[in-house]
Structure formats: C-alpha cells, structure tokens
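Trainee: Before anything else, here's the structure in question.
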Amino acid sequence: MLATDSKRAGLMSEKLGIPEQLCSILLQRGFTEEDAHHFLYPKLEQLPSPSLMKGLESAVSLILQARAEGRMIVVYGDYDVDGVTSTALLSGFLAGIGAQVCYYHPDRLDDGYGLSSSSVENIVSRHPRSLIVTVDCGISDYKPIQTAKENELSVIIVDHHVPPEQLPKADAIIDPLQEGCNFPFKYLAGVGLVFYLIIGLRGKLREDGFWTHETQPNLKELLDLVAIGSVADMVPLVDLNRVLVKAGLDAINNKSTRRKCLSVLFQICNIADKEIVTEDIGFQLGPRINAAGRLGNAGEATQLLMCDDQKLSYELAERLNATNERRKIMTEAQASQALDMAKRQVAQGRKVIILHHSDWHNGLIGIIASRVCEATNKPVIVLAGTPIAKGSARTTNSCNIYELLNYCNGSLIQFGGHKMAAGLTVKVSNIPAFTELAETYAEQMNLSNHAEELLVDSILPPGGHGKLFYEKYKLLGPFGAGNTEPKFMTEKPSYLRNIQLIGKNKDHLKFTMEIYGDKLTGVGFGFGHLADRLAAQKASFVFSISENWFKGNKNWQLVLHDIDFPDLQ
C-alpha cells in the first residue's frame, strides 16, 4: 500500500472507528469517507422516494380500483426464488387490505418462462375481467399481454429485466431500466420492486384514511422476503439493495416477529440455532425454494412462505426438502455429462460454451450452466429439449450475457434476462448458427480464454487487531454479488496445522492457522488432493474470513481460496 493510501486509511480509521486494514479495503473499492459511513451503516431512511419510479403511481391506482370493484387480482410470478418471494409478498399484502387476490406460477415445462399465451387463456377462463400483476417477469411478453388486453384483462408489469425495444402494451409498467424512469437505482430484484409497489400502496391507503397510525402495517417486517429473493437472485448487494437486505436479515433474525414458516424452514435446513446470513440464503434456503419450480409446482413454495400454520408449514417444508434431494441427484448426473462436453469444447479453443442435450431437465439447466461457468471461467449456455430447445445462460464478469444473446438474436426464437444471467429459446436446427455467432461476438469483444484473476484485497501481516478486527469486519457485510467477501493473503509462506481430510470423498481440508495471534480453524473445499504436500511444505494462502456456528456457538473460521507454493515460482 502506498504511503498516501496508508495515510488516508489511517485518517478514515480514526473517524469511522474501524481498523485501518478494513479502511484500506474500502478505499481500494472506491469509497470516500462519506460513502464508507453510509456503506457501513445502511439505514432505511436512505431509500429513494417511490414517486421517482415510473409507472408506480398508475399501478397503485389500478390495483386500488380493482380492489374497490371487487375484481380478482392475479399475481403472476416467475418460478424462481425472486418470483416466489415477490408473489408471496404482494399476495399477502393485497389479501391484508381486503382485495380479491390469487396467485399463479407458470409451469416450467408446459408454459415456459414468463407470461405465456396458455397461461393468459387459463386466467381468462377462470377470472374474466381480472387484473394481472406480473412480478419478476412480463417485460418481454408482448404477444401474451396483447392477448390479455384483447380479452378485457388489465395488466401491470413489475419486472427488473432489460426491456426490449418494443414494450408490451400493458396498463402500467414498473421497471427502472425502462426509458424515462428517473429512479436512481437500476438493479433491484423483482421482490425489491414489489416492496416499492407496496410502499406506494400503503402511502395511498394512508392518505385515504384506510389505516390509523396504530393499525398501518410495519413494512420492515416484510423485508425478510425481500432479502431472501434479492440474495438468491444475485443482484448486486450495493446501494439500495444493501439497505434492503441488511434490514431484511435483521427481520429474519428477530425471532420474536419472525414468520413461523421461516422458523420451520430453518429447522429443516439445520440452521435454526445460528444467525442467518446471506450464505445461508444462497446455499440452504434458495435451493429448497427453487426446487419446487424446477421439478414441481412453484406454488408449493409460495404457499409455504404465506403459511402461518405450524403443522402445515412443516408438511410443506418437508415436501420442498424432499424435492430438493431429488433435484440434487438428478443434477449430479446431468452436470457430470455437461462438464465432460464442456471440457471438449475448451480443448477446441471455444470462448463461449454452448451445450445441448435433448434429455436434460429444463428445471436443472440453470444450475448446470452455473456449474460449468464456474469450472471453465467462460460464458455458458445450456440447452435442453428438441426440436425447440430452452436454454439458460450464465457468465463471468468479463462478458455481458444479455448483449451476447442480443448479438445472436437472429438465430434465436426469444431471449430475456440481464448482464449475468438469461433465458432463451432456440430451434435445435439453429444451434450451429447460434454457436458461430456467439464465437464471432467473443472474438469481437476480445473475450479471454484465460481464467479470471483472483483479486486479493489485503495482505495479512503478523500480529494485528484481535477481537476488534472481527467485530468491525462484520460491518462490511452482507456479502454477495457486487460486494464479495474480502480476500486476504498471508504475508509470508507458512504451514497449515492439524490438517484433516473431510467430506464424503475426502475432497476437502480442515486445518488450523494462526491469524492475529488467534488459532483459527479453516476449511479448503476441493483442496484435499494437496493434504500431504501442505503438511510437509510451507505455502502462501488466500482466504476469506467467515463465521462458523456449531451447536449454537459462533467461531470465526478461514475459507481457503488459493494456494501458492514457493517452488512453483
């Protein structure tokens, strides 16, 4: 660190009351002192006004008009975690204000992603003249929405995906990425937009005298679902998302007001005796909620999140858990096939990995794409089905997958999504042309064939800050997309101590290392093959620091990310 940077970190440390080393990380990430204070201490008072959101006022009026007329409001949500939490959040609020409301999730296999024509026909037959509110979908569904309008349905779109050039002719559109929207933050999850819609609804109802000050709902208690949906959808945990997720985690960890269904779900996940963090959402809650829409009916997950009955919550949570176990078995088999196919494409020098198998399950291709992307450090598109293949795309930070698909649009039936993830449909006969266009795009954008570098935030010298460091380190969270856990590197090569092999196949390491005078336990996932060498040879290590809970007790632990042996220089 340069002397000037060290001085700035020292001054920031004095004013913010956190260790200088953490201040140097904030400076490296572009924070000024004022920015850092807002970052470390996010407050709900920082939320921008709902009036800045284009389409929100119209949506509020349409919903309250439908409520007054006794028309059915159909909350139509995507089948992933963001869509499920969005659906549960809005449906629950609307029911609470006396609206006639039901929810609808498309079937992944029969209806596909978004608002389909078959779904519209179903809604028309069941609920004529109803109001459809799409959540976490709808912005690309021009024809189905046109069909809905032709059948005297009203439509509100609440979506956070990139809008197409021609917007659907809905009655109201809430999407901060649409042209003319002055809302300052553009990267809310679908559930974050639903929360803003609810803020608008509460405000108008309060103006109309629907509530007294004592009876109006506490919206802070709704942020639990906002946090779950936002983290699972991997929106950047900065700015407004950081405020919402931090407050949402506080709501989740308040056991006195926590939803019964979440307490049950935490017990099923074996995390009931610990503080819930973003990692728990990403690796425990998210997969179980997602499993319903992947292999079955997403409505079961929504029903759970809206359930206030302990017994029924257990039944629904157990069902989701069983579905998730079945999903894991299927995923392992299909991901193994995909990784073998991807290795061959990597050997051929391909910059974009495009994999197709007619028998892969549509509900698993997103997970498979993520696995292959992580293994190859390349943009990955996984396709399933024939003669029409549905696909899921994931990417690295160096490639905008939405722009890649837009470049290849001529070979696709349809696509939608955002920078890091997208969905698409393509004729199997067009996959070769699609592949050629994707490679051309990669050449033009000069996408690298090399793995992305692992960025290190700080070097750890001997000695240090002890308990103060760990206590203040928590202020940098919640961690996730856009706010990754800091990576630390040991200053000098050293030994790992008490090395053990763990895991079903002994693929992982457990060890101890002395940091800041404390002996900390560490884990190294996928480093089991280096156990003997690490026991005999010093190395430099890159790791992150996290909390580990065991039987209700919390300890700090190291998570190993990379190893550098001196003799490999």
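Each row is one residue, and each column tells you yes or no for (1) surrounded by fewer than 23 Cβ atoms within 10 Å (Cβ to Cβ); (2) touching a Ser or Thr at 6+ places or on another chain (Cβ under 9 Å); (3) of a type in the set (A, V, I, L, M).
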| position | (1), (2), (3) |
| --- | --- |
| 49 | yes, no, no |
| 96 | yes, no, no |
| 110 | yes, yes, no |
| 139 | no, no, yes |
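Trainee: So which residues in region 472-500 are farther than 30 Å from residue 244 by Cβ and part of a strand (DSSP E or B), if there are any at all?
Mentor: 489, 490, 494, 497, 498, 499, 500
Trainee: Check off (1) of a type outside the set (D, E, K, R); (2) more than 26 Å from residue 176 (Cα to Cα); (3) at pLDDT 95 or above for residue 27 and give me the number that stays unchecked.
Mentor: Unmet condition: (3).
Trainee: Report the residue count in region 501-538 for those that are of a type in the set (Lys, Arg) and part of a loop (DSSP other than H, G, I, E, B). Steps first, answer last, please.
Mentor: Filtering region 501-538 for residues of a type in the set (Lys, Arg) gives 504, 506, 510, 519, 533, 538.
Filter once more, so that each one left must be part of a loop (DSSP other than H, G, I, E, B): 504, 506, 538.
Count: 3.
Trainee: Here's a follow-up. Do you know which residues across region 285-304 are surrounded by 19 or more Cβ atoms within 10 Å (Cβ to Cβ) and in contact with a Ser or Thr (Cβ under 7 Å, 6 or more places away or on another chain)?
Mentor: Passing the criteria: 291, 292, 296, 302, 304.
Trainee: So, residue 477, is that one farther than 15 Å from residue 556 by Cα and either within 30 Å of the chain's Cα centre (by Cα) or without any contact (Cβ under 8 Å) to a residue 24 or more places away in the chain (or both) or not? Break it down into steps so the answer makes sense when it comes.
Mentor: Working: farther than 15 Å from residue 556 by Cα: no; either within 30 Å of the chain's Cα centre (by Cα) or without any contact (Cβ under 8 Å) to a residue 24 or more places away in the chain (or both): yes.
Taking the combined requirement at face value, the residue does not satisfy it.
Trainee: Just wondering, is there one or more residues in region 409-430 that are more than 23 Å from the chain's Cα centre (by Cα), of a type in the set (Ser, Thr, Tyr) and either surrounded by 17 or more Cβ atoms within 10 Å (Cβ to Cβ) or assigned by TED's automatic domain parsing to the domain that holds residue 107 (or both)?
Mentor: Looking for residues that are more than 23 Å from the chain's Cα centre (by Cα), of a type in the set (Ser, Thr, Tyr) and either surrounded by 17 or more Cβ atoms within 10 Å (Cβ to Cβ) or assigned by TED's automatic domain parsing to the domain that holds residue 107 (or both), one finds at least one in region 409-430, hence yes.
Trainee: Those residues that are part of a loop (DSSP other than H, G, I, E, B) and free of Cβ contacts under 8 Å to residues at least 40 places away in the same chain, I need them from region 386-408; list them, please.
Mentor: Residues satisfying the conditions are 395, 400, 408.
Okay, residues lined up against (1) surrounded by fewer than 20 Cβ atoms within 10 Å (Cβ to Cβ); (2) basic (Lys, Arg); (3) within 19 Å of the chain's Cα centre (by Cα):
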position	(1), (2), (3)
384	no, no, no
394	no, yes, yes
398	yes, no, yes
434	no, no, no
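Trainee: Do you know which residues across region 179-236 are closer than 22 Å to residue 260 by Cα and among the basic types (Lys, Arg)?
Mentor: Hit for region 179-236 is 220, nothing else.
Trainee: Can I ask one more? Mind checking which residues of region 218-239 are farther than 25 Å from residue 97 by Cβ, out of contact with any strand residue (DSSP E or B) (no Cβ under 8 Å at 6 or more places or on another chain) and crowded, with 23+ Cβ neighbours inside 10 Å?
Mentor: Within region 218-239, 232, 233, 235 meet the criteria.
Trainee: Which of the residues spanning region 148-170 are more than 20 Å from the chain's Cα centre (by Cα) and either under 15 Å from residue 75 (Cβ atoms) or surrounded by 20 or more Cβ atoms within 10 Å (Cβ to Cβ) (or both)?
Mentor: Once the filter is applied, which keeps residues that are more than 20 Å from the chain's Cα centre (by Cα) and either under 15 Å from residue 75 (Cβ atoms) or surrounded by 20 or more Cβ atoms within 10 Å (Cβ to Cβ) (or both), region 148-170 yields 148, 153, 154, 155, 156, 157, 168, 170.
Trainee: Residues of region 167-184 being without any contact (Cβ under 8 Å) to a residue 60 or more places away in the chain and under 17 Å from residue 148 (Cα atoms), which ones?
Mentor: Residues satisfying the conditions are 167, 168, 169, 170.
Condition check ((1) of a type in the set (Ser, Thr, Tyr); (2) over 30 Å from residue 292 (Cα atoms); (3) within 24 Å of the chain's Cα centre (by Cα)) across all residues:
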{"site": "32", "(1), (2), (3)": "yes, yes, no"}
{"site": "41", "(1), (2), (3)": "yes, yes, yes"}
{"site": "46", "(1), (2), (3)": "no, yes, yes"}
{"site": "53", "(1), (2), (3)": "no, yes, yes"}
{"site": "62", "(1), (2), (3)": "no, yes, no"}
{"site": "92", "(1), (2), (3)": "no, no, yes"}
{"site": "98", "(1), (2), (3)": "no, no, no"}
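Trainee: Here's a follow-up. Restricting attention to region 275-304, which residues are touching a residue at least 24 places away in the same chain (Cβ under 8 Å) and more than 20 Å from residue 480 (Cβ to Cβ)?
Mentor: Filtering region 275-304 for residues touching a residue at least 24 places away in the same chain (Cβ under 8 Å) gives 275-279, 281-282, 285-299, 301-302, 304.
Within region 275-304, 291, 292, 293, 294, 295, 296, 297, 298, 299, 301, 302, 304 meet the criteria.
The rows are residues; the columns are (1) modelled with pLDDT of 95 or more; (2) of a type in the set (D, E, K, R).
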site: 206; (1), (2): no, yes
site: 209; (1), (2): no, no
site: 217; (1), (2): no, no
site: 224; (1), (2): yes, yes
site: 229; (1), (2): yes, no
site: 240; (1), (2): yes, no
site: 272; (1), (2): no, no
site: 281; (1), (2): yes, no
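Trainee: Restricting to region 184-222, give me the number of residues that are of a type outside the set (Ser, Thr, Tyr) and in a helix (DSSP H, G or I).
Mentor: 21
Trainee: Considering only region 204-217, I want to know if a residue exists there that is surrounded by 14 or more Cβ atoms within 10 Å (Cβ to Cβ) and closer than 24 Å to residue 137 by Cβ.
Mentor: no
Trainee: Follow-up. Report, by residue number, each residue of region 503-513 that is surrounded by 14 or more Cβ atoms within 10 Å (Cβ to Cβ) and not aromatic (Phe, Trp, Tyr).
Mentor: Selection gives 507, 508, 509, 510, 512, 513.
Trainee: For region 541-561, which residues satisfy the criterion of being at pLDDT 90 or above and not aliphatic (A, V, I, L, M)?
Mentor: Correct list: 541, 543, 544, 561.
Trainee: From the list 77, 92, 83, which one is in contact with a Ser or Thr (Cβ under 6 Å, 6 or more places away or on another chain), at pLDDT 95 or above, on the phi < 0 side of the Ramachandran plot and buried (at least 18 other Cβ atoms within 10 Å of the Cβ)?
Mentor: 77
The values are calculated or read from the model by the stated rules, or taken from the named source; none is laboratory data. What you see is a predicted model; the values in this text were computed from it and never measured. Glycine also receives a Cβ, built like all others from the backbone with ideal geometry; neighbour counts cover every protein chain displayed.
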